[in-house]
Amino acid sequence: MGETSDMLRETATRLFGEHCEARHLRDAEQGNFQSAAWAAVEEAGLHRALVPEDFGGYGVDIADALSLLRVAGEFALPLPLAETMLASWLLAGARIDIPDGPLTVAPIVRNERLALTKTAAGWHVSGTATRIPWARDAAAIAVLAEYQGQPYVALLPAGCWTSTHAENAAREPRDTIAVDATPYAVAPAAAGIGFEQLRAVGAAMRALQIAGALTKIVAMTCQYAQDRVQFGRPIGKFQAVQQNLAVMAGQTAAAVAAADLGAEAVANGVRLLPIAAAKARCGEAASLSAGIAHQAHGAIGFTYEHSLHFFTKRLWSWRDEFGNESEWNQFVGRHMLAAGPDRLWAEITAA
């Protein structure tokens, strides 16, 4: 890890700490986009971390750039940083100029497609896409679509779509968009990038966010177990509580390792198998650890005034986005079956 990547993470930690207090998270849940926080993100250049240096980015290693999302997860950052990084990566690969402002991508849901056509009048994008993160707040959407069997990237500025508002469990925007417009720019996607790869990079990003949020709730829960006294001693002294805390810590350690593996797989040409394993493992850890955290906190953990729910609601949301553990486990299973018994160990170690 170089000096630049360390500086980015230090900057992110300081910035998110200033803009992710409970009052900011509550305000975001009321549907208010955190404009001041986003301005700080843009000023620091964090949203361009995945963009190559020759295209206006920092030029840091991809895995190091993605590690910003683990920091974001630790603070429950209520902003489309992951989505903007993903859209910027997609646009940069197609050599399309990246606009300012928060960005998002489409499609997100498996097997959904927006139609890209070309006539004498030029390019046209049409169709409907669901569960698009932060669509209502986006300055532009990077669309991946097929034309004559080849993947293309189209840039749609705000005003080219209409949004039907919806939310995930964390009350983050997940809108349905309807498009029937001329894009600002269209270009072939980078070599080797198609729908599966776009979805996989998104899955790796969610895995890192999950790992960050899990790290936070382990710290919160361990601290609470030390502070909460019951029957004359801290509840963390009870063996049953200690066992649950150990399970949660183990799940978190596995998720962090898996998420880092997924980030490295993105850096090494978007290798699908390790990303699939990472997203599945992080989703499993999210399911188990969120329940343990709420159990350890007891009634206080279920109140809106306590901050635990800001993290557990995101865990429950992120585990299902860009494919849940069931989908990615099926991918791993199909891959291993196709490889055959003689290739099993080689495929495991190659990941």
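A dipole drawn for the chain from +1 and -1 charges on Cβ atoms has a positive end, and of 335, 231, 190 the residue lying farthest that way is 231. Over the chain, with a Gaussian network built from C-alpha contacts below 10 Å, which listed residue (319, 23, 70) shows the highest mean-square fluctuation? Largest GNM mean-square fluctuation: 23.
Here residue 279 is the anchor, and the lysines within straight C-alpha reach of less than 20 Å, apart from those fewer than 8 places off in the same chain, are 216, 313. Selection among 273, 213, 294 by position relative to the dipole of the range 201-306 gives 294 as farthest towards the positive end (Cβ unit charges, Cα centre). With the chain treated as a Gaussian network of Cα nodes joined by springs under 10 Å, which of 304, 184, 224 yields the largest mean-square fluctuation? Ranking 304, 184, 224 by mean-square fluctuation puts 304 first.
Taking other Cβ atoms within 10 Å as a rough exposure proxy, 97, 54 sort from fewest to most as 54, 97. First check a/c for the range 68-141, with a ≥ b ≥ c the square roots of the eigenvalues of its C-alpha gyration tensor; if it is under 1.5, answer rounded, and if not, answer prolate when a/b is larger than b/c or oblate otherwise. Taking the square roots of the gyration eigenvalues as a ≥ b ≥ c, the range 68-141 is prolate.
Entry note, the range 1-79: relative contact order of 42 percent, from Cα contacts under 8 Å with a spacing of 6+ residues. Scanning residues 5 or more positions from residue 185 or on other chains, those with amide H under 5 Å from its amide H are 155, with H placed 1.01 Å from N in the peptide plane. With contacts taken as Cα pairs under 8 Å and at least 6 residues apart, the chain reaches a relative contact order of 15 percent. Other residues whose C-beta falls under 14 angstrom from the C-beta of residue 255 contribute a net charge of +3, scoring Lys and Arg +1 and Asp and Glu -1.
Counting only Cβ charges, +1 for Lys and Arg and -1 for Asp and Glu, the dipole size of the range 1-140 around its Cα centre is about 740 debye. Taken as entire DSSP H runs, the helices of the chain that both span 27 Å or more between Cα atoms along their own long axis and average -1.0 or more on the Kyte-Doolittle scale are 195-227, 239-267, 272-297.
Rounded to the nearest 20, the size of the Cβ-charge dipole of the chain about its Cα centre is 920 debye, with Lys and Arg at +1 and Asp and Glu at -1.
Shown here are the Rg and Dmax of the Cα trace of the chain, at 20.6, 80 Å.
FYI, it's all coordinate maths here, none of it is from the lab. On a predicted model such as this, the values are computed, not experimentally measured, just so you know. Cβ sites come from the backbone with ideal geometry, for glycine too, and all protein chains shown count toward neighbours.
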